[in-house]
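As structure tokens, the structure follows; a few thoughts come after it.
Please treat every number below as a calculation from the coordinates, not as lab data. In this text the structure is predicted, and so the values were computed from the model without any measurement. Every residue, glycine among them, receives a Cβ derived from its backbone with ideal geometry; neighbour counts consider all protein chains shown.
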Amino acid sequence: MEKTFIPVTKPYIPNRKILDRYIDEVWERQWFTNNGPLLQEYETQLGKALGTERPFVVGNGTIALQIALKALGITGEVITTPFSYVATTSSIVWEGMTPVFVDIDDTLNIDPKQIEASITEKTSAILATHCFGNACDIEAIDAIAKKHGLKVIYDASHCYGTTYKGESIFNFGDVSTLSLHATKLVHSIEGGAIFCSDEKVMEQIRLMRNFGHDGPEKFTGVGINGKNSEMHAAVGLTVLKDAQKILDSRKEISLKYNELLMGTDIQTPVIDPNCVSNYSYYPVVFKNEEVALQVKAKLEEENIQPRRYFYPLLSELDYVHTSNDMSRSKHVSSSILCLPIFYNMPDDVQLKIVEIVKQNS
Ligand SMILES: *Cc1c(COP(=O)(O)O)cnc(C)c1O
């Protein structure tokens, strides 16, 4: 019998009736992009849902990072984590800056205790990822930044719904960014958002997102096309209505994984005590790479797809250099698997995954 394919995640499928109503509106207006009414509505609703200033919705989570770096006027060296999606590092390099990697701790986020040793006279910012929806030690990072006059950008791509000290995680740092890619917890197929509350920086973001247009015949500074469309906003608004359902489902599945894996020597997620995670991913760290690869192979035999998030380590990309010790990241990156988690993943599928994981580790 053909075994049903179980992917690491599935995109949330928006309700077609609601989506179609939005699309009818777009067709009636014949206004497809350029800061249209649905895009503006999406920004308002995202801000409301998260309890933040109204964000800037942009084309994707990568351009969100690039605009954040530019709008804050970052130059020179940027301290960052080696354990994230490639866009965290590539956006630094693409914008002509140098990433300086600092190892992670048990939360899989950058270890604040190791940051200061890497600050030089060229350092102007820290770009840290809240990995898998779990907060960095924001308190410690912000204190270091303040002491050394550095800007802080949080790549909060994974963090729709995550809170820190009872507040939206997007309220921290000089700028925080979100990805709204189809594989993320909430999405607009492609999309991203930039969160900021400093008026001057917000003005830069507004200009930079739209080619530097300051009215139809005036340009202020260099900009890029960071816009998103009415069609993406239509999908985004439709998915947003179900955000709580998606969060609840992820939480239930994650807590069940925790329970089923208790008492094994598999490392389940370690959440910062100030953070309420959105449970967007389910990463597990095995004893070593050999065990992780064995579990992966056995799951694949059953047509189940775990993913090596994040492997390879970003400090090993061929366009970067590092002399810092990355031993913790190296161990995690080689021994980690993200287990399947998606909206309404069936119980029996989860039980089968856990059984295979336990038998082979
Ligand atoms: C998904 C992701 C991005 C990139 O977002 P896109 O919307 O795909 O451009 C950046 N950083 C992290 C940590 C991500 O997971």
Gyration tensor over alpha-carbon atoms, region 42-169, equivalent ellipsoid semi-axes in Å = 23, 17, 13
inquiry  = If each residue of separation counts as 0.36 nm, what is the full-extension length gain between N35 and K113 once their alpha-carbon separation is subtracted?
reply    = 23.9 nm
remark   = Output ordering of 109-116, 293-300, 56-63, 256-263 (per-residue mean of other Cβ within 10 Å, highest first) is 56-63, 109-116, 293-300, 256-263
query = By per-residue mean of other Cβ atoms within 10 Å, what is the highest-first order of 175-188, 221-234?
reply = 175-188, 221-234
inquiry  = What percentages make up the Cα-Cα pair-distance distribution of region 154-210 when the bins are 5 Å wide from 0?
reply    = 4, 19, 24, 23, 19, 9, 1
query = Taking the convex hull of the alpha carbon atoms in region 186-328, what volume per residue do you get, in Å³?
reply = 233
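Between H148 and D214, 0.36 nm times their residue separation minus their Cα-Cα distance comes to what?
Working: separation 66, 0.36 × 66 = 23.76 nm, distance 3.39 nm.
The span from H148 to D214 would gain 20.4 nm if fully extended.
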note = Note to self, the chain gives a 222 nm [θ] from helices alone (DSSP H runs n ≥ 4, -39500 (n - 2.57) apiece, / all residues, nearest 500) of -11500 deg cm²/dmol
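Just the number: Rg to Rh for region 66-124, Cα atoms, Kirkwood Rh, two decimals.
On the way: Rg = 11.5 Å, Rh = 11.9 Å.
Computed over Cα atoms, the ratio is 0.96.
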ask   = HN-Hα J couplings of region 180-187 from phi, Karplus 6.51/-1.76/1.60, θ = phi - 60°, integer Hz, Gly and Pro as x?
value = 10, 5, 3, 8, 7, 4, 10, 8
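By how many nm would the segment from E25 to D325 lengthen if fully extended, with 0.36 nm per residue of separation less the alpha-carbon distance? Please list the in-between numbers first.
Values: separation 300, 0.36 × 300 = 108.00 nm, distance 5.47 nm.
Difference between extended and current length: 102.5 nm.
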ask   = For all pairs of alpha-carbon atoms in the chain, what percent lies in each bin of width 20 Å, listed from the first bin to the last filled one?
value = 30, 57, 13, 0
ask   = Given charges of +1 on the Cβ of Lys and Arg and -1 on the Cβ of Asp and Glu, with all other atoms neutral, how large is the dipole of the chain about its Cα centre, in debye to the nearest 20?
value = 420
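Output the peptides 313-325, 85-97 sorted from most to least packed, where packing is the average of other Cβ atoms within 10 Å over each peptide's residues.
Numbers: 313-325: 15.4, 85-97: 19.5.
Ranking, from highest mean packing down: 85-97, 313-325.
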message = Could you tell me which residue out of I92, S157, F132 lies farthest along the dipole of region 75-158 toward its positive end? Charges go on the beta carbon: Lys and Arg +1, Asp and Glu -1, centred on the Cα centre.
response = I92
